[in-house]
Amino acid sequence: MSEFAFIDGVLYAEGVALTKIASHYGTPAYVYSRKMIESHWREFDSALGEQEHLVCYAVKANSNIAVLNILAKLGSGFDIVSIGELHRVLKAGGDASKVVFSGVGKREDEMAFSLKQGIKCFNVENANELIRLNEVAAHLNKQAPVSLRVNPDVDANTHPYISTGLKENKFGIAFEQAKEVYLQAKLMSNINIVGVDCHIGSQITKLNPFKDALECILVLIDELKQEDIELHHIDIGGGLGINYQGDEPPARADYVKVITDTLKGRGVEVLMEPGRSIVGNAGVLLTKVEYLNATPYHNFAVVDAAMNDLIRPALYEGWHDIKRVVESSNADAIDYDVVGPICETADFLGKNRTLQLEQGDLLAVCSAGAYGFTMASNYNSRPKVCELMVDGEQIHVIRERETLDDLVFGESLVS
């Protein structure tokens, strides 16, 4: 059940009306539900049951340290793609030994810092990265725990910008080359082979791509056994989609069942890296209608949030449901393009939305908990918005709204 629901015609986040939040904290603002974040993570963890496993939240989806802290308290692991994300995890009380480091461009300093912290595993994405990691580990007199990210060339049927498992994508080692790279790793004195990783994309709404990718990886595992390479874990990545626009993603339990059924009897630890499916529907972007602008060709609702706050619609035409916070209205239902104040035609949050709007109305841009604030910028010198966590009837400011002075922090004049 969603924790964002209408009560007496007003949209609430758990026990707090969004009208109250807007009145006290202003707009735009990101608003998250703690209860939803916790329940979504627990669904994955519970579904895995007695299977040895670790649910590693994908930090890139929403990296606020309050979100990370909530998950760390549940026992979550973390999937990171930068030294900055590892820093956030540690600041949030996360356990370094439950961290997996993914990403195609790891630098030496990132490798060294991660080794010193004692992370669980590096998901190595190419042979040259493996060579560099071995050198860095040797310099520190450490063993680097490694799984290779294998690209199985499986079509996840998702947007090209968030597809990662096809042979034309930049991610991972081609399936045909994986065995050879594992054999190279076996000969490296400071590399400890512990697993295999496979992540095929994001916002996937069918189960077959996951099953196809995993079956491909099992073929590789059997080949590696013949070379005396035993793997302790299989990292199946993340990618389970959420409901944006009538999407019908599989239930978390059904997704997990496909994984565990396919791996039955294998005796390996299962790692998974959900991000969007934990936080995506657990957040909204709260915004206010500044102007209604009717032209002979279009009706525009100009709001105070913009593409710098939520770039998904502009970046890859990501669709977000947009709701009036207060249902009742005397206005006529009209098709609007909901747009922001940024000087770009691409600055829109939704197009052709049938809404009953009046100037000053509050809107909630739904399913904005993932890849919302975490991809925000200061484009057009707009201060970043505040982030709020609702916990029952309590509201916690988990990131202050930026000030004008924050915009120029660290900058200096040339004498």
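A short reminder: the numbers here are calculations on the coordinates, not readings from a lab. This is a predicted model, so every value here is computed, not measured. For neighbour counting, all protein chains shown are included, and Cβ atoms are generated from backbone atoms with ideal geometry for every residue, glycine included.
Here are a few things to note about the model shown:
- Treating r as the C-beta distance of VAL258 and ALA127 and R0 as 35 Å, the FRET efficiency rounds to 0.70.
- The label point for LYS351 and the one for ARG266, both projected 7 Å from the Cα toward the Cβ, are 4.2 nm apart.
- Of SER114, LEU71, GLY84, farthest towards positive along the dipole that unit charges on Lys, Arg, Asp, Glu beta carbons give the chain: SER114
- Projecting the Cα positions of ALA301, SER381, THR403 onto the charge dipole of the chain (unit charges on Cβ atoms of Lys, Arg, Asp and Glu, taken about the Cα centre) puts THR403 furthest along the positive direction.
- Between ASN243 and HIS298, full extension at 0.36 nm per residue minus the direct alpha carbon distance yields a gain of 17.0 nm.
- Seen from a random direction on average, the alpha-carbon convex hull of the stretch 271-415 projects onto 12.5 square nanometres.
- Helix 108-117 and the longest principal axis of the C-alpha atoms of the chain enclose an angle of approximately 80°.
- Residues PHE348, PHE6, PHE78, PHE210, sorted so that the one with the fewest Cβ neighbours within 10 Å comes first: PHE6, PHE348, PHE210, PHE78
- Straight-distance crosslink candidates among lysines, where the alpha carbon sits under 19 Å from LYS323 and sequence neighbours closer than 8 are dropped: LYS20, LYS288, LYS351
- Of HIS24, HIS53, HIS232, the one that fluctuates the most in a GNM where the chain has Cα springs shorter than 10 Å: HIS24
- Summarising the label geometry, the points placed 7 Å from Cα in the beta-carbon direction at SER23 and ILE7 lie 1.4 nm from one another.
- Residue-averaged [θ]222 nm for the chain, counting only DSSP H segments that reach four residues, each worth -39500 (n - 2.57): -8500 deg cm²/dmol
- Residue order, fewest to most surrounding Cβ atoms within 10 angstrom, among VAL397, VAL326: VAL397, VAL326
- The length gained on full extension between GLU50 and GLU411, counted as 0.36 nm times the residue separation minus their Cα-Cα distance, comes to 124.7 nm.
- Each Lys and Arg adds +1 at its Cβ and each Asp and Glu adds -1 at its Cβ; summed about the Cα centre, the stretch 45-118 shows a dipole of about 280 debye.
- Computed from label points 7 Å out along Cα-Cβ, the spacing between ALA174 and ASP335 is 4.6 nm.
- Subset of LYS106/LYS186; LYS73/LYS225; LYS116/LYS211; LYS73/LYS206 violating a 28 Å alpha-carbon distance limit: LYS73/LYS225; LYS116/LYS211; LYS73/LYS206
- Net dipole in debye of the chain [+1 Lys, Arg Cβ; -1 Asp, Glu Cβ; about Cα centre; nearest 20]: 600 debye
- When peptides 177-183, 65-71 are ranked by their average number of other Cβ atoms within 10 Å per residue, the highest-first order is 65-71, 177-183.
- Taking ALA306, ALA29, ALA333 in turn, the Gaussian network model of the chain (Cα-Cα springs below 10 Å) assigns the largest fluctuation to ALA333.
- Taking other C-beta atoms within 10 angstrom as a stand-in for reagent exposure, MET272, MET111 fall in the order MET111, MET272, fewest first.
- Once the Cα-Cα distance is subtracted from the 0.36 nm per residue extended length, the THR403 to GLN143 segment shows a gain of 89.1 nm.
- For the stretch 105-126 versus the stretch 343-415, the gap between their alpha-carbon centres in whole angstrom: 32 Å
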